[in-house]
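Trainee: Let me give you the structure first, and then I'll get to my questions.
The values are calculated or read from the model by the stated rules, or taken from the named source; none is laboratory data. These numbers were taken from a predicted model, which means no experiment stands behind them. Note: ideal-geometry Cβ built from the backbone for every residue, glycine included; neighbour counts use all protein chains shown. Remember, those area values only see protein heavy atoms, side chains included, never the ligands or the DNA or RNA. Shrake-Rupley method; radii C 1.70, N 1.55, O 1.52, S 1.80 Å.
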Amino acid sequence: ADAEAEVRFLLQEARESIEAARSYRRELEQRLRGLHQARKQIRESATLTRDVLEQHFNDLKGTLKKLLDERLISLLQEVDAIEQESIKPLDECQKLIEHGVSTADDLLREGESAVRGDVGQQNEKLCIFTKKALHIQLDSLPEVPSLVDVPCLSAQLDDCLLTILKNQIFRHGTVASRPPVQLEEFVEKPGGILVRWCKVDEDFIPQDYRLQYRKGTASHFEDVYVGSETEFVVLHIDPNVDYQFRVCARRDGRQEWSPWSVPQIGSTTLVPHEWTAGLEGYSLSSRRNIALRNDSQSCGVLYSKAPTYFCGQTLTFRQVLSGSCCLVHLLIETVGQPDRRDSLGVCVEQQNGCDSLQRDKAVCISTNGAVFVNGKEMTNQLPAVTSGSTVTFDMEVVHLGPSSNEGGNFKLRVTISSNNREVVFDWVLDQCCGSLYFGCSFSYPGWKVLVF
């Protein structure tokens, strides 16, 4: 019996050792895959960096050669212009002198002929010759400029340009082993992802950040945000689909962007918030996240398509108005006339017979800023909903009664924020609610609401 017990003990220890060895092997294989990915990232980024450097410097060489050729042509044209302008008066003077030489030759031949002529004709020829010589003004000579008065072209080439270029070239470009900013966190949102990033280089002072993403293995990244914030909610994300994200930054006062961060994958399992289609008094956008109160006389509450708001999430209604900038960058209308029965809020269930969320099992805010809990108006009031207003609902479970699944007390801590002010209260329900509907109601046309 002792021997059998010892064998069983040894078998158990052996099985535990085998399982530990398997776990150890899995961990080692996981680390090997991590090393492989790290080596791959180093090599791929090094190859890409070489390509970028070679392309950049080839472009610089081509541009520099083009600029030098253009400058050479400009200087040669300047030499040609000075040469032609300076030679022209000399050519004119040369023509005048050559004409004078020709005239002098003719006069010499005529004078020599007059001197050698017959005595009978000599007197007449000499008179004619003398008058002609006086007429030519043999004592008048054209002025020829001295060498010091005419241009003497030369090229002034400052050798310090090579020194300046050399210093600039040797300081041009850097190779960074790590980007100055990296992606830090992905938070799931309904139909979106909250992306956060941080600076990892203490010496880098950023002015702006630039966030890009691409779906799956798409070939091109797209800009989704440029600004000074270190987080951004990327909307229109398909649930359960991987997206690649990367971020870079720009130094204060600089135009060029830093190297990109290491791309990381983010996704969301939460379906996007959508309004219910088909209610006569409201028109919806193609994604059904924007609702417009139209001019129909029909009145009622527009609910979400499903109870997609879960406790712990943040639900935001943004008033989409003319001239304001909303997250989806749509053409937008003006606000409508406010009414006390208007409402924006969340509820336990749909009640299609109601014309407002100011009722039982609902919390809401009216366009005049009044807050209603289960149909009762609170003493605290928020600012009125106006152009560009954003209303945010945050909820968390703070108390669950002992018989919650059978109708016990269920308490939610609700925070409603609007225009930099908020109210906080406990919402007591008689049933456990894992998810809630959101809704809105407006009495007059023109109101347009984006939910995200």
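Trainee: So for V226, V234, what's the accessible-area order with a 1.4 Å probe, most first?
Mentor: V226, V234
Trainee: Same structure again: Please give me the summed charge of the neighbours of F57: other residues whose Cβ is under 12 Å from its Cβ, Lys and Arg +1, Asp and Glu -1.
Mentor: -1
Trainee: Can you give the charge dipole size of the stretch 1-90 about its Cα centre, rounded to the nearest 20 debye, using +1 on the beta carbon of Lys and Arg and -1 on the beta carbon of Asp and Glu?
Mentor: For the stretch 1-90, the charge dipole is close to 160 debye.
Trainee: Can you send over the carbon and sulfur percentage of the accessible area for the stretch 181-268, probe radius 1.4 Å, protein chains only?
Mentor: 43 percent
Trainee: Let me ask something additional. Averaging sequence separations of C-alpha pairs under 8 Å and six or more residues apart, then dividing by the length of the chain, give the relative contact order as a whole percent.
Mentor: 11 percent
Trainee: Set the Förster distance to 56 Å, then compute FRET efficiency between K215 and S74 from the Cβ-Cβ distance, nearest 0.05.
Mentor: Plugging the Cβ-Cβ distance into 1/(1 + (r/R0)^6) gives 0.65.
Trainee: Let me ask something else about it. How much of C354 can a 1.4 Å solvent probe reach, expressed as accessible area in Å² and rounded to 10?
Mentor: It works out to around 40 Å².
Trainee: With charges set only on the Cβ (+1 for Lys and Arg, -1 for Asp and Glu), what does the dipole of the stretch 181-268 come to about its Cα centre, in debye to the nearest 20?
Mentor: Result for the stretch 181-268 is approximately 200 debye, rounded to the nearest 20.
Trainee: Now, a different point. Where only protein heavy atoms count, and the probe is 1.4 Å, what is the accessible area per residue for the chain in Å²?
Mentor: Heavy-atom SASA per residue in the chain reads 65 Å².
Trainee: Quick one: net charge around E92, please, counting Lys, Arg +1 and Asp, Glu -1 for every other residue with C-beta under 15 Å from its C-beta.
Mentor: Neighbourhood net charge equals -2.
Trainee: Given the whole protein assembly as supplied and a 1.4 Å probe, what does the accessible area of H99 come to in Å², nearest 10?
Mentor: Answer for H99: close to 120 Å² accessible.
Trainee: By a straight-distance test (C-alpha under 12 Å), which aspartates and glutamates pair with K215 as possible cross-link partners, with residues fewer than eight away in the same chain excluded?
Mentor: Partners found: D238, D242.
Trainee: While we're on this one: Taking the Cα atoms only, what angle lies between the long axis of helix 119-136 and the longest principal axis of the chain, rounded to 10 degrees?
Mentor: Once rounded, the angle reads 30 degrees.
Trainee: Related question: What ranking of H135, H236, H273 comes out by heavy-atom accessible area, probe 1.4 Å, highest first?
Mentor: H135, H236, H273
Trainee: Determine the dipole magnitude for the chain: charges of +1 sit on the beta-carbon of Lys and Arg, -1 on that of Asp and Glu, nothing else is charged, the reference point is the Cα centre, and the result goes in debye to the nearest 20.
Mentor: Once rounded to the nearest 20, the dipole reads 1560 debye.
Trainee: Can I ask one more? As a test of reading the structure, rank S228, S113 by solvent-accessible area (1.4 Å probe, protein chains only), most first.
Mentor: Result of the area sort, largest leading: S228, S113.
Trainee: What's the local net charge at W275, with K and R +1, D and E -1, over the other residues with C-beta under 9 Å away?
Mentor: +1
Trainee: Ok, one more. Give the share of C-alpha pairs in each 20 angstrom bin for the chain, from 0 to the last occupied bin, in whole percents, shortest bins first.
Mentor: For the chain, the pair-distance distribution reads 16, 28, 21, 14, 9, 8, 5, 1, 0.
Trainee: Using Cα pairs under 8 angstrom and six or more residues apart, how large is the relative contact order of the stretch 1-171, in percent?
Mentor: 18 percent
Trainee: Excluding residues on the same chain fewer than 8 positions from K448, give the lysines whose Cα lies under 24 Å from its Cα.
Mentor: Partners found: K189, K305.
Trainee: Extension gain S267-D223, at 0.36 nm per residue separation less the Cα-Cα distance, in nm?
Mentor: Value of the extension gain: 14.1 nm.
Trainee: So what does V187 come to for accessible area, using a 1.4 Å probe and Å² rounded to 10?
Mentor: Counting only protein heavy atoms, V187 exposes about 40 Å² to solvent.
Trainee: Same structure, new question: Nearest 500 deg cm²/dmol is fine: what mean residue ellipticity at 222 nm does the chain get from its DSSP H runs of n ≥ 4 alone, each adding -39,500 (n - 2.57), divided by its residue count?
Mentor: It comes out at -12000 deg cm²/dmol, rounded to the nearest 500.
Trainee: Just to check I understand the Karplus step: with θ = phi - 60° and J = 6.51 cos²θ - 1.76 cosθ + 1.60, what whole-Hz values come out for the stretch 23-36, glycine and proline as x?
Mentor: 4, 4, 5, 4, 5, 5, 4, 4, 5, 5, 5, x, 5, 4
Trainee: Which is farthest toward the positive dipole end of the chain among L126, I73, Q351, measuring Cα position about the Cα centre, with Cβ charges +1 (Lys, Arg) and -1 (Asp, Glu)?
Mentor: My answer, from the dipole projection, is Q351.
Trainee: Right, another one. What shape does the stretch 181-268 take by its C-alpha gyration tensor, where a ≥ b ≥ c are the square roots of the eigenvalues and a/c under 1.5 counts as rounded, a/b above b/c as prolate, and the rest as oblate?
Mentor: Here the stretch 181-268 falls in the prolate category.
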